[in-house]
Amino acid sequence: MAEFDILELIRQQKAKEILERNMAYANPQWQQQLAQLTPEQETAFLAWVQSNKVPFDPTDPTPDYDMRGFYQGLMSGDPRAQSGFNPATQSLHYPDYYKTPYHESFSAESQYATEGAPTWQDDKLVSPSGEVIFQDKPE
């Protein structure tokens, strides 16, 4: 088995584990609610991803972000479709609103979350039981 295949299997296993944890807080129909683009919009979206070096794989079967939804929002002027810089991770950041249950920091701010989903307390994502399930900046 090639190294790439092993790394992909590891990535898929991690995605599965994250999804299993987050489904307790996710709308069961979230996959059907992901943004759908017309063929023309998809072509423009793929060009936008490439030209802006957006860290998103449009062929990923386990998308942790509804980037097509973000793109639709951006094109329509939705104020939730704003990228920014996360000083804790020193990286580009997109809003939680478009995160899917595959995202390790899936929170109550996601459009796909149900009531009682984990919430941000400073740089920590905390479950309803008080468990820190993700920290933006390692201690």
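The values are calculated or read from the model by the stated rules, or taken from the named source; none is laboratory data. Source: prediction; values computed, not measured. Backbone-built Cβ (ideal geometry, glycine too); neighbour counts: all protein chains shown.
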task = Could you grab me the full set of residues in segment 1-22 that are of a type in the set (A, V, I, L, M, F, W, C) and surrounded by 14 or more Cβ atoms within 10 Å (Cβ to Cβ)?
result = ALA15, ILE18, LEU19
request  = Please state which of the following conditions SER51 fails to meet, knowing it meets all the rest: (1) modelled with pLDDT of 90 or more; (2) within 17 Å of the chain's Cα centre (by Cα); (3) of a type outside the set (A, V, I, L, M, F, W, C).
outcome  = (2)
request  = Have a look at PRO63, PRO55 and point out the one that is under 19 Å from PHE106 (Cα atoms), surrounded by 13 or more Cβ atoms within 10 Å (Cβ to Cβ) and not hydrophobic (A, V, I, L, M, F, W, C).
outcome  = PRO63
ask   = Restricting the search to segment 21-48, which residues are within 26 Å of GLU131 (Cα to Cα) and within 15 Å of the chain's Cα centre (by Cα)?
value = ARG21, ASN22, MET23, TYR25, ALA26, ASN27, TRP30
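Rundown of residues vs (1) within 16 Å of GLY69 (Cβ to Cβ); (2) of a type outside the set (Gly, Ala, Ser); (3) at pLDDT 95 or above, yes/no style:
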{"residue": "SER91", "(1), (2), (3)": "no, no, no"}
{"residue": "HIS103", "(1), (2), (3)": "yes, yes, yes"}
{"residue": "PHE106", "(1), (2), (3)": "yes, yes, yes"}
{"residue": "SER110", "(1), (2), (3)": "yes, no, yes"}
{"residue": "PRO118", "(1), (2), (3)": "no, yes, yes"}
{"residue": "ASP123", "(1), (2), (3)": "no, yes, no"}
{"residue": "SER129", "(1), (2), (3)": "no, no, no"}
{"residue": "ILE133", "(1), (2), (3)": "no, yes, no"}
{"residue": "GLU139", "(1), (2), (3)": "no, yes, no"}
